[in-house]
1. How many residues does the stretch 2-46 hold that are out of contact with any Lys or Arg (no Cβ under 7 Å at 6 or more places or on another chain) and among the basic types (K, R)?
2. Within the stretch 101-115, count every residue that is over 23 Å from D136 (Cβ atoms) and among the β-branched types (V, I, T).
3. Count, please, the residues in the stretch 42-88 that happen to be over 19 Å from D16 (Cβ atoms), in contact with a helix residue (DSSP H, G or I) (Cβ under 9 Å, 6 or more places away or on another chain), basic (K, R) and open to solvent by 50 Å² or more (accessible area, probe 1.4 Å).
4. Does D116 meet the test of being over 15 Å from the mean Cα position of the chain (by Cα) and in a loop (DSSP other than H, G, I, E, B)?
5. Restricting to the stretch 15-41, what's the tally of residues that are among the small types (G, A, S) and open to solvent by 80 Å² or more (accessible area, probe 1.4 Å)?
6. I'd like the full set of residues that are surrounded by fewer than 15 Cβ atoms within 10 Å (Cβ to Cβ) and closer than 28 Å to T13 by Cα, limited to the stretch 123-142.
Amino acid sequence: MSKIQLTKEQEDTLIDMSLDARNYAYCPYSKFRVGAAVLTDTNEYFKGCNIENASFGAGVCAERCAFQKAISEGHKKFIAIAASTDVDTFPTPCGICRQFMAEFGVDILVLLVRHDRSIKTMTLRELLPEHFGPSDLGNSEP
């Protein structure tokens, strides 16, 4: 269980930003909009959306898009991420996104946001048990 606790304001901001980010999704093939918002340890937010490509492997998921925007601005420590879709189920990040996020710590809170704003909160460690990370290569976590 994570020791990280979000304030109501942080949680609401992550939810709002992830739901808004869906509006920018470029998904002409799957028609499956995904939005994400990440919170850094300096209380800054970055959002991202899924971006598809005719060469399917060249697309990027919303979760990685949000992380990449934050990382490109110098952030490497994260508190939480919210991911949302238009469906009635709680959207879990794909395996590639889980592994990507694990590079930056497995105690990150992951808010799975349904279209009606209901959420299920887990840690990345719960979503990716027995993860492979920097310490497996002799490096410390960022």
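1. Of the residues in that region, 3 qualify.
2. Selection size over the stretch 101-115: 1.
3. Selection size over the stretch 42-88: 1.
4. Against the criterion (over 15 Å from the mean Cα position of the chain (by Cα) and in a loop (DSSP other than H, G, I, E, B)), D116 qualifies.
5. Number satisfying all stated conditions: 0.
6. Within the stretch 123-142, E126, P129, E141, P142 qualify.
The values are calculated or read from the model by the stated rules, or taken from the named source; none is laboratory data. The shown structure was predicted, so the numbers you read here are calculated from the model rather than taken from an experiment. No Cβ is skipped: glycine too gets one built from the backbone with ideal geometry, and neighbour counts run over all protein chains shown. We work out accessible area using only protein heavy atoms, side chains counted, and drop any ligands, DNA or RNA first. Shrake-Rupley method; radii C 1.70, N 1.55, O 1.52, S 1.80 Å.
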